[in-house]
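Visitor: The following block contains the structure, expressed as structure tokens.
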Amino acid sequence: MNTSKEMSCFSDYPFPPSTPPFLTHEAFMTYLESYVENFKLRDYVKFETEVTEVVKHDTYETTGKWIVKYKVKGVAYEEVYDAVMVCSGQFRQVFLPDIPGLDKFRGVWFHTKNYRKPDVFRNKRVVIIGNSNSAGDLAVDAAHYAKKVYISYGRHKPMLLKRIPPRVTFIDTPYDMNLRRFSNLYLPNILLRKITDYSSDVFVDQENYGFRKKNLYNGPLIINDEFPFHLATGKVSVIPAVTSILESGVLFEDGSKLDEIDIIVFATGFRHSYPFLKEEGIFESAETCKLYKWVWPVELPHPTLSFHGFIGVLGSRVMASELQAQWAAQVG
């Protein structure tokens, strides 16, 4: 995980003291299962249930109620609820950039959503397109198996951060705790930027390896301790923005090209998607749905439909989602 245990737990269920500062995804899954068992939540969950549609009840204008339609093993049901909290996550519908020629590529291509094991990269020449954590993590995974890894950030360079800064910065706590502390000091923006820029540049010469040198808070991030090592050894190389895909390679914006590519991976993120909401004029496009504080649809007259986790944060999404849920519960 790219966020520390202190910033990745729920407020009412901290990790045990023996937990390491950063968890593997298996350990975090164990934590979530433990949370469910501790608060006896399993009895309140309907498993193997597909929500097909959420629509206003006939009395919505006065009551704010919703009808939830769903299927269990192919059998359709519907129930009326006083409020609905949308917590389906924003990692469902992948985003693929419109790069010409992908249909003609003779190698293998996939999105990071479909990535499972690094064996697929063994002795291959790999191009990764992306500029955030998934791209960095995948580049490190691939570097251990692939013949060569290339990463294209596109036109928006990321900044590289380390999970725990070097002691030379006089800070030895996880980066996400530091960012929160700096923000809470209410420092002038120019001073805050200087502190964070200095801290990141101590870890690695950002410009030398193709990263963004300044403005930590205004662009994508890659939080990975191994990435600079693979860049320094040449196992991973940074390449320009890819403008088109060839039968066995990629073409760059400067007209140069890279041949003999076996695999292209898109670490290009996701689109917000909630196809079960069909309210005309409000949810036709997830990207244009207006949410007050990223929770409440501003077009609706009742605060009985709320969204949770559909937010980009500098740090852990767990804490932000919990605060959103607490707010919605109080309003309801």
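The values are calculated or read from the model by the stated rules, or taken from the named source; none is laboratory data. Fair warning: this is a prediction, and the values are worked out from it, not measured in the lab. Quick reminder, even Gly has a Cβ in these numbers, built from the backbone with ideal geometry, and neighbours come from all protein chains shown. Note: areas computed on protein heavy atoms with side chains; ligands, DNA, RNA excluded. Shrake-Rupley method; radii C 1.70, N 1.55, O 1.52, S 1.80 Å.
Visitor: Would you please name the residue that is nearest to Ala76 (Cα to Cα), looking only at residues in segment 33-64 that are hydrophobic (A, V, I, L, M, F, W, C) and part of a loop (DSSP other than H, G, I, E, B)?
Guide: Looking at residues that are hydrophobic (A, V, I, L, M, F, W, C) and part of a loop (DSSP other than H, G, I, E, B), I get Phe47.
Visitor: Being under 19 Å from His302 (Cβ atoms) and touching a Pro at 6+ places or on another chain (Cβ under 9 Å) is the filter here, so list the residues in segment 61-97 that pass it.
Guide: Glu61, Gly64, Ala83
Visitor: Which numbered condition trips up Ile99, out of (1) open to solvent by less than 40 Å² (accessible area, probe 1.4 Å); (2) within 21 Å of Cys289 (Cβ to Cβ); (3) not in a strand (DSSP E or B)?
Guide: (2)
Visitor: Could we say that Lys157 is modelled with pLDDT of 65 or more, open to solvent by 50 Å² or more (accessible area, probe 1.4 Å), closer than 26 Å to Asp254 by Cα and touching a strand residue (DSSP E or B) at 6+ places or on another chain (Cβ under 7 Å) here?
Guide: Criteria not met by Lys157.
Visitor: Quickly run through segment 29-75 and pick out the residues that are more than 29 Å from Met319 (Cβ to Cβ) and of a type in the set (Lys, Arg).
Guide: Lys56, Lys65, Lys69, Lys71, Lys73
Visitor: Return the pair list, or none, for Cβ contacts closer than 8 Å from residues in segment 239-261 that are at negative phi to residues that are of a type in the set (Phe, Trp, Tyr) and at pLDDT 95 or above, at least 6 apart or on different chains.
Guide: Ile239/Tyr150; Ile245/Phe105; Leu246/Phe105; Glu247/Phe105; Ser248/Phe105; Leu258/Tyr150; Ile261/Tyr150
Visitor: Oh, and also: Given the residues Val51, Val108, Val126, which is the only one that is surrounded by 18 or more Cβ atoms within 10 Å (Cβ to Cβ), β-branched (Val, Ile, Thr) and in contact (Cβ under 8 Å) with a residue 12 or more places away in the chain?
Guide: Numbers: Val51 fails: surrounded by 18 or more Cβ atoms within 10 Å (Cβ to Cβ); Val108 fails: surrounded by 18 or more Cβ atoms within 10 Å (Cβ to Cβ).
Val126 is the lone residue from the list that is surrounded by 18 or more Cβ atoms within 10 Å (Cβ to Cβ), β-branched (Val, Ile, Thr) and in contact (Cβ under 8 Å) with a residue 12 or more places away in the chain.
Visitor: Cβ-Cβ below 6 Å, separation at least six or inter-chain, first residue in segment 7-35 and in contact (Cβ under 8 Å) with a residue 40 or more places away in the chain and exposed (fewer than 12 other Cβ atoms within 10 Å of the Cβ), second assigned to a helix (DSSP H, G or I) and aromatic (Phe, Trp, Tyr): which pairs?
Guide: none
Visitor: Can we say Ala135 is assigned to a helix (DSSP H, G or I), closer than 25 Å to Ser321 by Cβ and in contact (Cβ under 8 Å) with a residue 60 or more places away in the chain?
Guide: When the stated conditions are applied, Ala135 passes them.
Visitor: Please name all residue pairs, on different chains or six or more residues apart, with Cβ atoms under 7 Å, provided the first residue is in segment 312-332 and is touching a residue at least 60 places away in the same chain (Cβ under 8 Å) and the second residue is open to solvent by 30 Å² or more (accessible area, probe 1.4 Å) and assigned to a helix (DSSP H, G or I).
Guide: Note: pairs meeting the criteria are Gly315/Arg180.
Visitor: What is the one condition in (1) exposed (fewer than 14 other Cβ atoms within 10 Å of the Cβ); (2) closer than 24 Å to Phe211 by Cβ; (3) touching a strand residue (DSSP E or B) at 6+ places or on another chain (Cβ under 6 Å); (4) not hydroxyl-bearing (Ser, Thr, Tyr) that Glu78 does not satisfy?
Guide: So the condition that Glu78 fails would be (2).
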